[in-house]
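Single-structure report; data block below.
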Amino acid sequence: MTSRKSLWAAAAALAAGAVVVRRSTVRPADPAAADRWLTVTINRGPGDIQPDRLPAPLQEYGDRIETRIRPAPGDRGTELAVRLRQTRSGTSDSVPARLAGQDPRQDLRRALREAKSLLEAGEVLLPDAPPTTHDTPGGKLVGLLTRRAGGEGVL
Amino acid sequence: MKALCWEGVNKLAVEDVPDPVLRNDQDVIVRLIAGTTCGSDLHLIGGYIPFMRSGDVIGHEFLGEVVEVGAAVRRHKVGDRVVVCSFVGCGRCWYCANDLWSLCDNTNTNPGIGQALFGADTGGIFGYSHAMGGLRGSHAEYVRVPFADYGAFPVPEGIDDTSALFVSDSVPTGWMGADLAGVKPGDVVAVWGCGAVGQMAARAALLLGAERVISIDRIPERLEMTERHVGSEVIDYTATDVGAELRERTGGRGPDVCIEAVGMEAHSDSPVHLYDQAKQQLRLQTDRPTAVRQAIHACRKAGTVFILGVFAGAVDKFPLGAVINKGLTVRGAQMHGQRYIPMLLDRMAAGELSTSHLATHTVTLDEAPRAYDMFKHKSDGCVRAVIRPGG
């Protein structure tokens, strides 16, 4: 059982690492990464999504972001894309910076997801609290990764 | 309140945890009447599903009474007896609007994990790892139900608690397998696994008009139960060659539709099982796809294989050549329960679906760790243990 436990912890750590490492390992091969739009498709008509009336999480960015809105093909709603106007520093998307939650794209990605949820479902689903009544080293690692998970991902 | 918590690999404990509270306006709080063990819980208990934390409350198949209602809830009131879909759907994203509820865009509170693992995040599910949303599970005295207007369904008076309980997950999962596999009148359907989901997939196939349904397992009491309560033919895979038996029963063609309802911890009596088990234990593959491989080999040319069992990651020796060269359609999904639950409750009320036989054991919450042990080892004829927190 002990070996299973350590294997599980290793598997969790590996999978967890994938959350933050995957994009890092891919990014050098993606010369457009720094300027790439973060994009979601919202199940609302284009008329329902106006650049000057975006939900609060994006509205708070003001002129710090660029916004692109266009109809999604195939009656899938509206594509909403955002990106930061200011170019990031060279280290802001490093693994340590992202684990520390210091990559500004993490906050923007989280805001974009929250905007989509507000536009579609009317609220942003909150996790149950507290997440656990006690913690272990493995649990703390999962806790760190879930705190970052809202700002990570492939969109 | 008391709750059944995951405390590490193969360690469960009943603990005191904070009562749930309304966190969103579309939430309700449900007092548990009954929940049930599910085979997919065994994967996370056994450490095969990553992103669990000590103290996580498990359980996702349940029925209860609404005791508190959020400000934006429109379809429920205090006192309603509801069966709750195990997957949470917001009801308004493109996936929910297209009846693909387990793919909801807005109910996984940890979307980055799913996107890294699968390329896209799934919807949230109760009590099933932080990769799947991290929502607290239902093996507790109370549970918070987000987006309750879409995921909680009033139970008609004529349906008893135990029967309705299984409409939360196992019945719609089985139905979805037969439905999305395109079962139609005249088909011969083979179902791997005679647990609750496999039995319900077989029953659904018969109700959708299949000419013959053949269920495959190794546990004598499950085979007998499937034959008696579902009306399916059965094959004991420890007593015969499944492929040869299926060819013989289908005029040499193979089944038109093969439904796999086993999942990542499949058993087999072939040497390949040892290979799969060794690789899984060494984490060189995350899942044992024994039944999937067999279904693909057994399926007739241009037939359909539907994967209902839970798989988490990567598998080895997947027979892709058979898929291509036999022109198969392979499909899988987590269950889109909201799509089926109202219809299933109607069918249950009409006497077309019976589930009470699945509840082979009933226990209190304090006895739940022992029930899971019995369920895992399939001892004492256990198919499903029903957990009643109120006794």
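Among the residues in segment B:142-159, are any modelled with pLDDT of 95 or more, within 13 Å of chain A (Cβ to nearest Cβ) and touching a Lys or Arg at 6+ places or on another chain (Cβ under 6 Å)? Checked against the condition, which is being modelled with pLDDT of 95 or more, within 13 Å of chain A (Cβ to nearest Cβ) and touching a Lys or Arg at 6+ places or on another chain (Cβ under 6 Å), segment B:142-159 yields at least one hit.
Looking for something under 30 Å from A:Gly138 (Cβ atoms), out of contact with any Asp or Glu (no Cβ under 8 Å at 6 or more places or on another chain), within 12 Å of chain A (Cβ to nearest Cβ) and buried (at least 24 other Cβ atoms within 10 Å of the Cβ) - is there at least one such residue anywhere in segment B:57-69?
In the first step, residues of segment B:57-69 are kept if they are under 30 Å from A:Gly138 (Cβ atoms); the result is B:57-62.
Keeping just the survivors that are out of contact with any Asp or Glu (no Cβ under 8 Å at 6 or more places or on another chain) gives B:57, B:62.
Narrowing the set further to residues that are within 12 Å of chain A (Cβ to nearest Cβ) leaves B:57.
Among the residues that remain, those that are also buried (at least 24 other Cβ atoms within 10 Å of the Cβ) are: B:57.
Yes - at least one qualifying residue is present in segment B:57-69.
Restricting attention to segment B:89-114, the residues that are at the interface with another protein chain (Cβ under 8 Å from one of its Cβ atoms) and modelled with pLDDT of 95 or more total 9.
Quick one: is B:Ile214 touching a residue at least 40 places away in the same chain (Cβ under 8 Å) and closer than 30 Å to B:Lys301 by Cβ? Lay out the reasoning, then the answer.
Details: touching a residue at least 40 places away in the same chain (Cβ under 8 Å): yes; closer than 30 Å to B:Lys301 by Cβ: yes.
Spelling it out, B:Ile214 is indeed touching a residue at least 40 places away in the same chain (Cβ under 8 Å) and closer than 30 Å to B:Lys301 by Cβ.
Only residues that are within 13 Å of another protein chain (Cβ to nearest Cβ), outside any strand (DSSP E or B) and farther than 25 Å from B:Ala148 by Cα were counted across segment B:1-56, and they come to 13. The set of residues from segment B:115-128 being facing chain A (nearest Cβ under 9 Å), surrounded by 24 or more Cβ atoms within 10 Å (Cβ to Cβ) and of a type outside the set (Asp, Glu) comprises B:Ala116, B:Gly124.
A quick yes/no check of all residues on (1) acidic (Asp, Glu); (2) under 27 Å from B:Asp169 (Cβ atoms):
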site: B:Arg228; (1), (2): no, yes
site: B:Val234; (1), (2): no, yes
site: B:Thr238; (1), (2): no, no
site: B:Glu248; (1), (2): yes, no
site: B:Ala261; (1), (2): no, yes
site: B:Ala278; (1), (2): no, no
site: B:Ala295; (1), (2): no, yes
site: B:Thr304; (1), (2): no, yes
site: B:Val315; (1), (2): no, yes
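Selection of first residues in segment B:109-136 that are assigned to a loop (DSSP other than H, G, I, E, B) and of second residues that are modelled with pLDDT of 90 or more and among the acidic types (Asp, Glu), restricted to Cβ pairs under 6 Å at least 6 apart or on distinct chains, gives the following pairs, ordered by first then second residue: B:Arg136/A:Asp128. Residues of segment B:360-369 that are in a helix (DSSP H, G or I) and over 19 Å from B:Gly195 (Cβ atoms): B:Pro369 alone. Listed by position, the helices (runs of 4 or more DSSP H) enclosed by segment B:270-357 that each have at least 2 residues that are farther than 30 Å from B:Gly91 by Cα are B:271-281, B:290-298, B:320-325.
Among the residues of segment A:101-108, is any surrounded by fewer than 12 Cβ atoms within 10 Å (Cβ to Cβ), farther than 23 Å from B:Leu135 by Cα and either under 18 Å from the mean Cα position of the chain (by Cα) or among the small types (Gly, Ala, Ser) (or both)? Talk me through it step by step, then tell me what you get.
Filtering segment A:101-108 down to residues surrounded by fewer than 12 Cβ atoms within 10 Å (Cβ to Cβ) leaves none.
The answer is no, given that none of the residues of segment A:101-108 is surrounded by fewer than 12 Cβ atoms within 10 Å (Cβ to Cβ), farther than 23 Å from B:Leu135 by Cα and either under 18 Å from the mean Cα position of the chain (by Cα) or among the small types (Gly, Ala, Ser) (or both).
B:Ile159 passes every criterion in (1) assigned by TED's automatic domain parsing to the domain that holds B:Ala368; (2) under 25 Å from B:His43 (Cβ atoms) apart from (2).
Against the test of being part of a strand (DSSP E or B), away from chain A (no Cβ under 11 Å) and either basic (Lys, Arg) or touching a residue at least 12 places away in the same chain (Cβ under 8 Å) (or both), the options B:Val82, B:Val78 yield a single qualifying residue, B:Val82. Considering segment A:50-63 alone, what residues qualify as being at pLDDT 95 or above and in contact with a strand residue (DSSP E or B) (Cβ under 8 Å, 6 or more places away or on another chain)? Within segment A:50-63, A:Leu54, A:Leu58, A:Tyr61 meet the criteria.
Select, from B:Ala312, B:Ala295, B:Ala385, the only residue that is at pLDDT 95 or above, over 23 Å from B:Lys184 (Cβ atoms) and surrounded by 16 or more Cβ atoms within 10 Å (Cβ to Cβ).
Values: B:Ala312 fails: at pLDDT 95 or above; B:Ala295 fails: over 23 Å from B:Lys184 (Cβ atoms).
The unique qualifying residue is B:Ala385.
A:Arg85 meets the conditions (1) more than 14 Å from every other protein chain (Cβ to nearest Cβ); (2) in contact (Cβ under 8 Å) with a residue 60 or more places away in the chain in every case but one. The failed one is (2). Checking each residue in segment B:228-274 for being in contact (Cβ under 8 Å) with a residue 12 or more places away in the chain, over 26 Å from the mean Cα position of the chain (by Cα) and surrounded by fewer than 16 Cβ atoms within 10 Å (Cβ to Cβ) picks out only B:Arg253.
The values are calculated or read from the model by the stated rules, or taken from the named source; none is laboratory data. Source: prediction; values computed, not measured. In this analysis, Cβ positions are derived from the backbone assuming ideal geometry, glycine residues included, and neighbour counts consider all displayed protein chains.
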